[in-house]
1. So which residues in segment 176-200 are more than 13 Å from His159 (Cβ to Cβ), in a strand (DSSP E or B) and of a type outside the set (Val, Ile, Thr), if there are any at all?
2. Among residues belonging to segment 3-38 that are β-branched (Val, Ile, Thr) and more than 30 Å from Trp129 (Cα to Cα), point out the one that is modelled with the highest pLDDT.
3. As an exercise: evaluate Lys271 against (1) open to solvent by 50 Å² or more (accessible area, probe 1.4 Å); (2) assigned to a strand (DSSP E or B); (3) in contact (Cβ under 8 Å) with a residue 40 or more places away in the chain and give the number of the one condition it does not meet.
4. Hey, could you check segment 91-139 for residues that are among the aromatic types (Phe, Trp, Tyr) and assigned to a strand (DSSP E or B) and say which is farthest from Met30 (Cα to Cα)?
5. So which residues in segment 89-112 are open to solvent by less than 90 Å² (accessible area, probe 1.4 Å) and farther than 14 Å from Val45 by Cβ?
6. Test Val122 against the stated conditions and say whether it is modelled with pLDDT of 95 or more and surrounded by 16 or more Cβ atoms within 10 Å (Cβ to Cβ).
7. What are the pairs with Cβ atoms under 6 angstrom where one residue, in segment 141-153, is closer than 16 Å to Lys190 by Cβ and the other, located anywhere, is open to solvent by less than 80 Å² (accessible area, probe 1.4 Å) and polar (S, T, N, Q)? Sequence gap at least six, or different chains.
8. When both residues are 6+ apart or on different chains and their Cβ atoms are under 6 Å apart, which pairs have a first residue that lies in segment 30-49 and is more than 19 Å from Tyr214 (Cα to Cα), and a second that is open to solvent by less than 40 Å² (accessible area, probe 1.4 Å) and not in a strand (DSSP E or B)?
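The values are calculated or read from the model by the stated rules, or taken from the named source; none is laboratory data. Given the structure is predicted, the values throughout are model-derived calculations rather than measurements. Quick reminder, even Gly has a Cβ in these numbers, built from the backbone with ideal geometry, and neighbours come from all protein chains shown. Heavy atoms of the whole protein, side chains included, go into the accessibility calculation; ligands, DNA and RNA do not. Shrake-Rupley method; radii C 1.70, N 1.55, O 1.52, S 1.80 Å.
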Amino acid sequence: MKTLLAALILLAATGSAQTDVKPFLGKWNMTGTGEHTAVVYWLEVTESNGALKGRFLNRSSSPYDLPNIKVDNGELVFSNAAKEGAPPPPVWRARMVDGRLVGTTTIARADPAQAPQVINWVGVRPPAWPAVDANAKYSYGTPVVLFDGKTMDAWGVQHKQNPVNWSVADGVMSSAEQQGNNLVSKQTFKDFKIEAEYAIAQGSNGGIYLRGRYELQLLDDAAQPMTPQNHMSIYGRTPPSVNASRKAGDWQQMEAIVVGNRVTVVLNGQKVHDNAVIEGITGGALDANETEAGPIMLQGDHGRVMFRRVVVTPIVK
């Protein structure tokens, strides 16, 4: 009897360990390995009344609620909803290894005869940010002019295999009407003030990425209702407090001060973010190395946007 009781206790403990969700709870920055280092995800796992829930940022999207998530035999498994007539949705699987999520993404091909694509990735906890205030008084260094109305010498591109599809004319740097590349500044910045003057073509949108990780959305949305995708939103996460957009084609001015994970943003003279918390990387982030300096990225692949001034002033103290 004692032997049977011990076996039952061991079995129960093993089963509990295999379904224990606690190690997976919380937020994760996930980065592809090997040839997939450009793949960046973000995940938050929570538990409420015994039900596991997930919120996921799938590379270029806004964060969304996962329809399917579970812990099965010590493995975190989640996926999107299946769509009729489409290949099976991608499936993410991960195990805890030395405090990290080590996992794979399996993506079915349109041709079921072909083997699926498999992306290996590793997830780590986002940084524990110190208390900071973007509205505090800081000392600034020498301004760095990223666009002076003359050349694009300060910029590279994200997708080096694709055409640049930006040009400079009459003091204005413009993306192509159909699809430009994303411009990435050659210089990187950590805490700083950025000032930009730009115009957005009718129906277009773009973005200004702080440190290459946090997008401030550019959007033709004058007088439209507020959403987390509005002009000057922290894209997909935090809407601006007011719609301060001008109509398509008009020149607009923005200023943002970013310190740690806090940002204050003024658009066309109106404060739209006041020491707002940056909750995490946004869709299209270049990487998830949040404590490191990063470039400014100008999104040019969503329609025509035009810049006539971009200046970054580093915070030195």
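1. Ser185, Lys186, Gln187, Phe189, Phe192, Lys193, Glu195, Ala196, Glu197, Tyr198, Ala199
2. In the first step, residues of segment 3-38 are kept if they are β-branched (Val, Ile, Thr); the result is 3, 9, 14, 19, 21, 31, 33, 37.
The next check asks that each one be more than 30 Å from Trp129 (Cα to Cα); those that pass are 3, 9, 14, 19.
Values: Thr3: 49, Ile9: 37, Thr14: 39, Thr19: 75.
The selected residue is Thr19.
3. For Lys271, the exception is condition (3).
4. Looking at the filtered set, the residue picked out is Trp92.
5. Residues satisfying the conditions are Pro89, Pro90, Val91, Val97, Gly99, Val102, Thr104, Thr105, Thr106, Ile107, Ala108, Asp111.
6. Numbers: modelled with pLDDT of 95 or more: yes; surrounded by 16 or more Cβ atoms within 10 Å (Cβ to Cβ): yes.
Yes: the conditions hold for Val122.
7. Taking only residues 6 or more apart or on different chains, the pairs are Pro143/Thr313; Leu146/Ser185.
8. Final answer for the pair search is Val45/Phe24; Glu47/Val21.
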